[in-house]
1. Among (1) crowded, with 16+ Cβ neighbours inside 10 Å; (2) touching a helix residue (DSSP H, G or I) at 6+ places or on another chain (Cβ under 9 Å), there is one condition Gly59 misses while meeting the rest; what is its number?
2. Assigned to a helix (DSSP H, G or I) and either of a type in the set (A, V, I, L, M, F, W, C) or surrounded by fewer than 20 Cβ atoms within 10 Å (Cβ to Cβ) (or both): is that true of Ala93 in this structure?
3. If I filter the stretch 32-48 for residues that are closer than 23 Å to Phe133 by Cβ and in contact with a strand residue (DSSP E or B) (Cβ under 8 Å, 6 or more places away or on another chain), do I get at least one hit?
4. Name the residue, out of Asp127, Asp87, that is under 23 Å from Phe147 (Cβ atoms), in contact (Cβ under 8 Å) with a residue 60 or more places away in the chain, surrounded by 11 or more Cβ atoms within 10 Å (Cβ to Cβ) and not hydrophobic (A, V, I, L, M, F, W, C).
5. For a quick check of your reading of the model, give me the residue pairs whose first member lies in the stretch 6-28 and is part of a helix (DSSP H, G or I), whose second is open to solvent by 40 Å² or more (accessible area, probe 1.4 Å) and of a type in the set (Phe, Trp, Tyr), with beta-carbon atoms closer than 9 Å and at least 6 apart or on different chains.
6. Give the residues of the stretch 29-50 that are open to solvent by 50 Å² or more (accessible area, probe 1.4 Å) and either basic (Lys, Arg) or outside any helix (DSSP H, G or I) (or both), sorted by residue number.
7. Can you list residue pairs whose Cβ atoms sit under 9 Å apart, with the first residue in the stretch 131-150 being touching a residue at least 12 places away in the same chain (Cβ under 8 Å) and at negative phi and the second being exposed (fewer than 10 other Cβ atoms within 10 Å of the Cβ) and of a type outside the set (S, T, N, Q)? Count only pairs 6 or more apart in sequence or on different chains.
8. From Gly115, Gly100, grab the single residue that is under 22 Å from Pro74 (Cα atoms) and open to solvent by less than 80 Å² (accessible area, probe 1.4 Å).
Amino acid sequence: MTTHLPGRIRLLGAADHELARATFALMSEVFETPVSPLSDAYLRRLLGSDAFVALAAVGDQDEVWGGLTAHVLPMTRTEEHELFIYDIAVAPARQRLGLGRRLVGALLDEGQRRGIAVSFVPADNEDDHALEFYRAIGGEAAPVTIFTFER
């Protein structure tokens with residue numbers, strides 16, 4: 001018996017600025033963070049960059065159910081790259097349907113297509129939901145403290 005999982009995962013490209021705008025707005029809503037309007041020109045440059053990956057989990061009518069953004073980081077110890085997962089979010093009504101797992105899987109597939117073997121994501125130690133999720137999909141925790149600087 002085959003189980004049909006809801007929605008589909010789309011890799012966003014330079015022409016997908018409206019879908020990207022909706023995806024980023026949903027992510028901001030889920031994270032309860034403010035969002036600034038992004039121009040079409042900015043979105044075309046961002047989505048057209050080889051150093052940025054955006055994925056959207058969408059329903060049958062292209063309604064956005066979730067999204068993931070990642071940055072391609074060139075390494076200095078080898079001629080390789082790693083993927084840094086910056087944000088991943090699924091609308092509360094669509095959580096627990098496997099969309100987050102599918103978003104990460106699609107990113108790992110895209111990384112493999114690009115010859116990238118390592119992907120990583122930071123998670124706040126207090127965010128039990130995120131920690132459980134990353135462990136459940138096979139992530140291995142690494143003890144790291146991230147410092148931020150703002151000016």
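1. The failed condition is (1).
2. yes
3. Checking the stretch 32-48: not a single residue is closer than 23 Å to Phe133 by Cβ and in contact with a strand residue (DSSP E or B) (Cβ under 8 Å, 6 or more places away or on another chain).
4. Of the residues listed, the single one that is under 23 Å from Phe147 (Cβ atoms), in contact (Cβ under 8 Å) with a residue 60 or more places away in the chain, surrounded by 11 or more Cβ atoms within 10 Å (Cβ to Cβ) and not hydrophobic (A, V, I, L, M, F, W, C) is Asp87.
5. From the stretch 6-28, the pairs are His17/Tyr42.
6. Matches in the stretch 29-50: Glu32, Thr33, Pro34, Val35, Ser36, Pro37, Leu38, Ser39, Arg44, Arg45, Asp50.
7. Pairs found: Tyr134/Glu140.
8. The conditions single out Gly115.
The values are calculated or read from the model by the stated rules, or taken from the named source; none is laboratory data. Because the structure is a prediction, the values reported are computed rather than measured. Heads up, the Cβs are rebuilt from the backbone with ideal geometry, glycines too, and the neighbour counts pull from every protein chain shown. Note: areas computed on protein heavy atoms with side chains; ligands, DNA, RNA excluded. Shrake-Rupley method; radii C 1.70, N 1.55, O 1.52, S 1.80 Å.
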